[in-house]
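A.B. asks: Quick one: the structure is below, and I'll ask about it shortly.
The values are calculated or read from the model by the stated rules, or taken from the named source; none is laboratory data. Keep in mind it's a predicted model, so treat the numbers as computed, not measured. In this analysis, Cβ positions are derived from the backbone assuming ideal geometry, glycine residues included, and neighbour counts consider all displayed protein chains.
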Amino acid sequence: MKWLLTTVVIVVLLLHQDFWLWTNKTLVFGFLPIGLAYHALYSLVAAFTMWLLVRFAWPKEIEAADEALNAQGRSTAGERS
Amino acid sequence: MIPAVIVFIYLAVVLYIGIFAFRKGTNSGEDFFLASRSLGPAVFLLSLFGTNMTAFAILGSSGLAYRVGIGVFGLMASSSAIIIPLSIFFIGTRLWWLGKRFGHMTQVQYLRDRWECGGIGTFIFAITAAMLVPYIIIGVMGGGQTLAAISKGLVSYEVGGLIVAVVVMSYVFFGGMRGTAWVNAFQTILFLSFGAVAFFLIAQQLGGFDRIMQDLLHAPKPPKGPPPAQLLSRERIPPAEFLSYMFIPLSSIMFPHIAIMCMTAEKIGHFKKTVILYPLCIAAIWLPSIFLGVIAASQFPGLTPGESDSVIIRLLTAFTGPVVSGILGAGIMACVMASDSQILALSTMFTEDVFTYYGGTKRFGDKAQAWAGRTFVVIIALTAYVIALMLKNNASIFELAIRFAFSGFSALAPVMLAALFWKRSTKWGALAASVWTTGCVFATWYLLNMSTGIAPKPGQPPVPIFPGLGDMFLRTFNNVTVYGYLPVMPMVIGSAFWMVLVSLVTPTPSQKTLDRYFPPKGEQLSEASASAS
């Protein structure tokens, strides 16, 4: 999974360099330049990529350690009270 | 008059938010500087995004789109839409955790502890603080100029700058991080909602965008200058420059105010929505700004580079009523006033990295820490105002300094990555990378200044600065490039190179420190429990 996600991130980073649209002036829906439409779509792809990372590469060990830290803090506070 | 009144109402609201936050807070240092690490998911996302928004996102981006076309979105917005969330995901979450676990409030505190380095930490503090100062001054200058423009000269630049400096200083002074975060969240909501409303109102007044875009597409080439249809593609942006811009958003997480903001989240889970929604927020703000910049090229042709930065204001004035124009004016003020989090960050750095580090808190107590922070807020805001007055006509110096600061902070990103993920990294590697960064910033500044006389006009090809070196250093209209690439690219690559090379030949910190920051797998949980008890 780690390698697959790394590949996805690299591909997304490479897709930013859309040299094939450099001089293309086509208007999507009659008003939106294709270069702008591509990068607007790219922002959606970026959001999806981040969703993939959150879903499959989230630092769970930090989350667990934080919960342990909080539980420890609560019990210490309980003992004090 | 109506827009000016709305802007003043807006200033009163943000002042109230700061004072309200003061009532909610305690008087500890951690509460003042980090809102007790207690921000909820919505405020965390909106404030982090709002903190990153500057006047450039609205005014500068549309002005640049007016001149070079739709490519500005890819150049600055969609590159940020992937790089900034990635850096928050990988660096921000780790900084948050280490800050919570070991009590760090600034990047320098972490780096000092991680590499057992006092002096090198002070050096990194000095260069980051120096690169942050121009932003604060530009914020005050921009506030004065915007208020003077919105009130049509009723409020002078001097009074406008003073009002902005006092308002920002007051809500940061009282509200600390909680007040700043709430104000930033409020500003972001204002932007996202009213920006969209203005976009549709302008579209309605113009009778839709189809006809304007078709006119631009088929406009004949003028006798002087390139054809307007180029604005609908990326023809005016060199590919090497477009690639170089991918390195600029690396600066985001290295800006002290962003890194410190990352430590304010209540839970690590709050980062999840932030990184997913961040690209969408960027698109929501930048897409209309860039699009309207191109539209303005057909409505107000022939503006100079300085004049084109106000195309959004021109469109608003021409195609919306005074109320919408006033609300958007308040939105623009919000952008200009982004200096709030920078003032707070600089105050946090002075308090934590200097006052506390050199024994101030130990001697005077935790309450003194918060008051030291407040004192620094006043000193920084007033100093920025005095400089803004003295150098009123030299804003370009600070604008240039900001451009260099972006490259400088980007080049420091490898230092942070090495600290977090590379056990073998050393303080000497960090020092080498920092010295390289500082040297490059000064070298670029020198090259830019010494080549002013040979700078080509807009649209003309770049000129070699040293003809004997061929294309190595080229001078463009407003920049210096290295083989056509912006200096930020060799700066980041060079910084990473020095970090690795020097680390490999110098000793690592003690085993105790390494175990603290890189606990063996499975021991993180027990380590955390131990540090809590």
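A.B. asks: In this structure, is residue B:120 in a helix (DSSP H, G or I) and surrounded by 23 or more Cβ atoms within 10 Å (Cβ to Cβ)?
C.D. replies: Working: in a helix (DSSP H, G or I): yes; surrounded by 23 or more Cβ atoms within 10 Å (Cβ to Cβ): no.
So residue B:120 fails the test.
A.B. asks: State all residues of segment B:21-45 that are among the aliphatic types (A, V, I, L, M), buried (at least 19 other Cβ atoms within 10 Å of the Cβ) and in a helix (DSSP H, G or I); if no residue qualifies, say none.
C.D. replies: Here is the first cut: in segment B:21-45, the residues among the aliphatic types (A, V, I, L, M) are B:21, B:34-35, B:39, B:42-43, B:45.
Those still in the list that are buried (at least 19 other Cβ atoms within 10 Å of the Cβ) too: B:21, B:34-35, B:39, B:43, B:45.
B:21, B:34, B:35, B:43, B:45, listed by residue number.
A.B. asks: Here are B:28, B:36, B:80: which of them is at pLDDT below 90 and either more than 18 Å from the chain's Cα centre (by Cα) or within 14 Å of chain A (Cβ to nearest Cβ) (or both)? Spell out how you get there, then give the answer.
C.D. replies: Numbers: B:36 fails: at pLDDT below 90; B:80 fails: at pLDDT below 90.
It is B:28.
A.B. asks: Considering each of B:451, B:495 in turn, give the residue that is surrounded by 15 or more Cβ atoms within 10 Å (Cβ to Cβ) and under 23 Å from the mean Cα position of the chain (by Cα).
C.D. replies: Details: B:451 fails: under 23 Å from the mean Cα position of the chain (by Cα).
Matching residue, one of B:451, B:495: B:495.
A.B. asks: Now a separate question. Residue B:351 - would you say it is surrounded by 17 or more Cβ atoms within 10 Å (Cβ to Cβ), touching a Phe, Trp or Tyr at 6+ places or on another chain (Cβ under 9 Å), of a type in the set (Ser, Thr, Tyr) and within 30 Å of residue B:436 (Cα to Cα)?
C.D. replies: Numbers: surrounded by 17 or more Cβ atoms within 10 Å (Cβ to Cβ): yes; touching a Phe, Trp or Tyr at 6+ places or on another chain (Cβ under 9 Å): yes; of a type in the set (Ser, Thr, Tyr): yes; within 30 Å of residue B:436 (Cα to Cα): yes.
Criteria met by residue B:351.
A.B. asks: Further, regarding this structure: Of all residues in segment B:325-370, count the ones that are part of a helix (DSSP H, G or I) and free of Cβ contacts under 8 Å to residues at least 12 places away in the same chain.
C.D. replies: We begin by selecting, within segment B:325-370, every residue part of a helix (DSSP H, G or I); these are B:325-336, B:339-356, B:360-364, B:366-370.
Keeping just the survivors that are free of Cβ contacts under 8 Å to residues at least 12 places away in the same chain gives B:362-364, B:368.
So the count comes out to 4.
A.B. asks: State whether one or more residues within segment B:4-20 are more than 17 Å from residue B:256 (Cβ to Cβ), in a helix (DSSP H, G or I) and in contact with a Lys or Arg (Cβ under 7 Å, 6 or more places away or on another chain). Reasoning before the result, please.
C.D. replies: Filtering segment B:4-20 for residues more than 17 Å from residue B:256 (Cβ to Cβ) gives B:4-20.
Narrowing further to those that are in a helix (DSSP H, G or I): B:4-20.
After this cut, where a residue has to be in contact with a Lys or Arg (Cβ under 7 Å, 6 or more places away or on another chain) as well, the list is none.
Checked against the condition, which is being more than 17 Å from residue B:256 (Cβ to Cβ), in a helix (DSSP H, G or I) and in contact with a Lys or Arg (Cβ under 7 Å, 6 or more places away or on another chain), segment B:4-20 yields no hits at all.
A.B. asks: In this structure, is residue B:423 loosely packed, with under 15 Cβ neighbours inside 10 Å and either touching a helix residue (DSSP H, G or I) at 6+ places or on another chain (Cβ under 8 Å) or among the hydroxyl-bearing types (Ser, Thr, Tyr) (or both)?
C.D. replies: Values: loosely packed, with under 15 Cβ neighbours inside 10 Å: yes; either touching a helix residue (DSSP H, G or I) at 6+ places or on another chain (Cβ under 8 Å) or among the hydroxyl-bearing types (Ser, Thr, Tyr) (or both): yes.
Yes: the conditions hold for residue B:423.
A.B. asks: If you don't mind, another one. Select, from B:415, B:378, the only residue that is of a type outside the set (S, T, N, Q), crowded, with 20+ Cβ neighbours inside 10 Å and assigned to a helix (DSSP H, G or I).
C.D. replies: Values: B:378 fails: crowded, with 20+ Cβ neighbours inside 10 Å.
Just one listed residue meets the conditions, B:415.
A.B. asks: Of all residues in segment B:281-324, which are among the hydroxyl-bearing types (Ser, Thr, Tyr), surrounded by fewer than 21 Cβ atoms within 10 Å (Cβ to Cβ) and in a helix (DSSP H, G or I)?
C.D. replies: B:298, B:317
A.B. asks: Can residue B:176 be described as of a type in the set (Gly, Ala, Ser) and either under 16 Å from the mean Cα position of the chain (by Cα) or outside any helix (DSSP H, G or I) (or both)?
C.D. replies: On the way: of a type in the set (Gly, Ala, Ser): yes; either under 16 Å from the mean Cα position of the chain (by Cα) or outside any helix (DSSP H, G or I) (or both): no.
No.
A.B. asks: Of the residues A:13, A:52, only one is more than 7 Å from every other protein chain (Cβ to nearest Cβ), modelled with pLDDT of 95 or more and under 19 Å from the mean Cα position of the chain (by Cα); which?
C.D. replies: Working: A:13 fails: more than 7 Å from every other protein chain (Cβ to nearest Cβ).
Just one listed residue meets the conditions, A:52.
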